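A short write-up of the structure that comes next.
The values are calculated or read from the model by the stated rules, or taken from the named source; none is laboratory data. What you see is a predicted model; the values in this text were computed from it and never measured. Virtual Cβ from ideal backbone geometry, glycine too; neighbours counted across all protein chains shown. Calculation scope for accessible area: heavy atoms of the full protein, side chains included, ligands and nucleic acids excluded. Shrake-Rupley method; radii C 1.70, N 1.55, O 1.52, S 1.80 Å.
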Amino acid sequence: MSLETQESVRHLQQELAGKSKLEPEYRFYSLYDKVYRMDVLWEAWLKVKANKGSAGIDGMTVAEIEAAGAGEYIKSIHEELKAKSYRPQPLRRVWIPKANGKQRPLGIPTVKDRIVQQAVRMIIEPIFEVNFSDCSFGFRPGRGCQQAAKEVVKYLNWGLTNVVEADIVNCFGSIPQQRLIKAVALRIADGAILKLIRQWLKSGVMENGQYHETTMGTPQGGVISPLLANIYLDALDQVWKRRKMADREGSNAHLVRYADDLVVLTDGDPKNPMQLLERIFGKLDLELHPEKTRILNARMADFDFLGFNFRQRKNPKTGKWFCLMQPSRKAQNNLREKIREATTPGVKAELGVVVKERMNPILRGWVNYFRIGNSSKVFWKIQHFAEARLRRFMRRRQGRYGYGWKDITSELLYGKLGLFYDYGVIRYRPARA
């Protein structure tokens with residue numbers, strides 16, 4: 001796709017966002033024809049292609065579509081949408097293991113459905129995005145986990161150390177579909193767009209050759225699902241935006257939300273925002289997770305949010321409190337498990353492949369994510385663990401025991417093999433016993 005085509009799509013999105021911002025109550029009537037514009041579909045295809053992903057129930061992969069000719073494929077989608085003959089297929093159900101040993105369902109749409117969902121998202125997202133609250137960070141352009149984590153640090157350093165740590169029970173799977181459609185319809189009056197969204201919500205799933213209808217929630221795995229969840233949960237965000245949660249004692253309570261994961265930080269009684277959360281979620285027909293929702297004081301207990309662990313510490317010299325943010329124990333253990341899997345004795349790949357294609361992407365992504373925290377000590381431990389695992393892996397291949405601290409030099413690991421080393425902020429390096 002040419003730069004000119006990309007620019008035309010961006011210009012369209014800017015126009016939609018501009019009108020939405022100037023007229024917050026305006027309902028958009030004519031959007032469907034923009035979804036099947038060839039430039040929009042082409043950019044949607046490129047985004048789906050970049051995300052890769054597995055095939056849906058039709059077995060068609062991104063690579064196969066590209067090999068057969070993406071141009072004709074996109075043109076056929078254009079014609080289907082224009083004729084209003086497009087119908088989504090059921091999702092392919094797979095189960096993803098969770099850290100607690102349980103599994104969560106994931107629905108994989110076909111590539112065609114992902115392209116159309118992406119095209120619709122590109123058209124309606126600018127309309128909602130400009131009016132979303134600043135407290136929301138999940139699945140939004142230019143926002144993410146790191147920004148949310150920094151926001152938590154800011155409020156803790158302001159002295160808002162009473163914390164409500166909350167989690168929504170099966171949020172994506174529990175959102176009432178009809179109420180979700182009504183939330184979308186507050187800004188979108190185009191019946192064809194609403195029909196598409198309704199079809200995706202009702203498309204059902206295929207598992208082990210059996211069809212199961214979907215009557216609740218948004219399909220986890222769908223391209224448009226995170227946006228739909230944000231639209232529905234915006235009701236919560238707007239309560240905080242309007243009230244700014246100033247209670248009778250004049251205290252402050254600030255919400256930080258990433259999708260269905262959220263915390264509230266206050267310098268007042270945390271029971272007040274907790275009760276407000278319960279009332280709002282009751283009205284939304286959602287439920288706070290009883291085991292993952294709690295009240296704490298950050299000066300007495302730590303808490304995890306988005307993979308980071310937050311705790312308040314007092315500077316012994318100045319007596320001032322500050323926030324210490326570092327990778328959570330759970331995040332560290334998950335990384336160690338991935339490194340173990342990459343270096344198990346059963347791995348038959350060449351040594352260079354193990355390092356550059358298995359270990360390094362894991363380490364690089366993890367370190368870049370947690371680099372914003374007070375992570376020096378943790379990074380040193382992770383570096384030491386990765387190095388030890390690689391040494392042990394190499395010694396096994398040599399038919400020898402131990403770690404080869406003398407034989408396998410750092411120059412070999414980091415110079416010749418290219419093991420990841422760009423930790424950047426490492427300052428804590430205790431001497432090896």
Enter the per residue convex hull volume of the range 283-433, computed from alpha-carbon coordinates, in Å³ rounded to the nearest integer.
-> 186
The range 168-287 - charge dipole about Cα centre, Lys and Arg +1 at Cβ, Asp and Glu -1, debye rounded to 20 | 540
With all pairs of different alpha carbon atoms counted, what Kirkwood hydrodynamic radius in Å does the range 274-339 show?
-> 14.5
In nm, to one decimal, how far is the modelled label at PHE139 from the one at LYS182, with both set 7 Å along Cα→Cβ?
-> 2.2
For the charge dipole of the chain, defined by +1 on Lys and Arg C-beta atoms and -1 on Asp and Glu C-beta atoms about the Cα centroid, which residue among TYR211, PRO141, THR409 has the Cα displaced farthest towards the positive pole?
-> THR409
Between the range 10-57 and the range 182-202, the Cα center-to-center distance that results, in Å = 14
Per the Kirkwood formula on distinct C-alpha pairs, the Rh of the range 1-148 is how many angstrom?
-> 17.2
Can you tell me the dipole magnitude for the chain around its Cα centre, using point charges on the Cβ only (Lys, Arg +1; Asp, Glu -1), in Debye to the nearest 20?
-> 2000
Rounded to the nearest 20 debye, dipole of the range 279-398 from Cβ charges on Lys, Arg, Asp, Glu = 600
Loop only per DSSP, at most 10 neighbouring Cβ atoms within 10 Å: give me the GluC sites (Glu not before Pro) in the range 329-415, ordered by residue number.
-> GLU350
What is the gain in length, in nm to one decimal, between ARG400 and GLN89 on full extension, counting 0.36 nm per residue of separation less the C-alpha to C-alpha distance?
-> 106.6 nm
Can you pull the accessible area of TYR36 for me, 1.4 Å probe, Å² to the nearest 10?
-> 40
From the P(r) of the chain, can you give the percent of Cα pairs sitting at distances over 39 Å?
-> 32
With a 1.4 angstrom probe the carbon and sulfur portion of accessible area for the chain, in percent, totals 50
How far, in nm, would the chain grow between GLN147 and GLU341 when pulled straight, counting 0.36 nm per residue and subtracting the alpha carbon separation?
-> 66.8 nm
Percent of alpha-carbon pairs separated by more than 21 Å within the range 222-317 | 40
Taking only protein heavy atoms into account and a 1.4 Å probe, give the accessible area per residue of the range 321-368 in Å².
-> 54
Roughly speaking, what is the stretch gain from LYS416 to GLU7, that is 0.36 nm per residue apart minus the C-alpha to C-alpha distance, in nm to one decimal?
-> 142.9 nm
Gyration tensor verdict on the range 325-368 (Cα atoms; rounded if a/c is under 1.5, prolate if a/b is larger than b/c, oblate otherwise) | oblate
Which FRET efficiency value, to the nearest 0.05, do you get for LEU351 and LYS52 by plugging their Cβ-Cβ distance into 1/(1 + (r/R0)^6) with R0 = 22 Å?
-> 0.25
When ligands, DNA and RNA are left out and all protein chains stay put, how many square angstrom of accessible area per residue does the range 38-190 have with a 1.4 Å probe?
-> 43
Taking the range 120-261, how many lysine pairs are there with alpha carbons less than 28 Å apart, if each pair must be eight or more places apart or span two chains?
-> 8
The range 334-421: Kirkwood hydrodynamic radius (Cα pairs, Å) comes out at 13.4
Proximal lysines to LYS102, defined as alpha-carbon separation beneath 18 angstrom and excluding residues fewer than eight positions away on the same chain | LYS292, LYS330, LYS338
Spacing of the two label points (7 Å from each Cα toward its C-beta) at LYS21 and ASN334, in nm = 3.4
Amide H neighbours of GLY221 under 5 Å, at least 5 residues apart or on other chains, H built in the peptide plane: list them.
-> GLY107
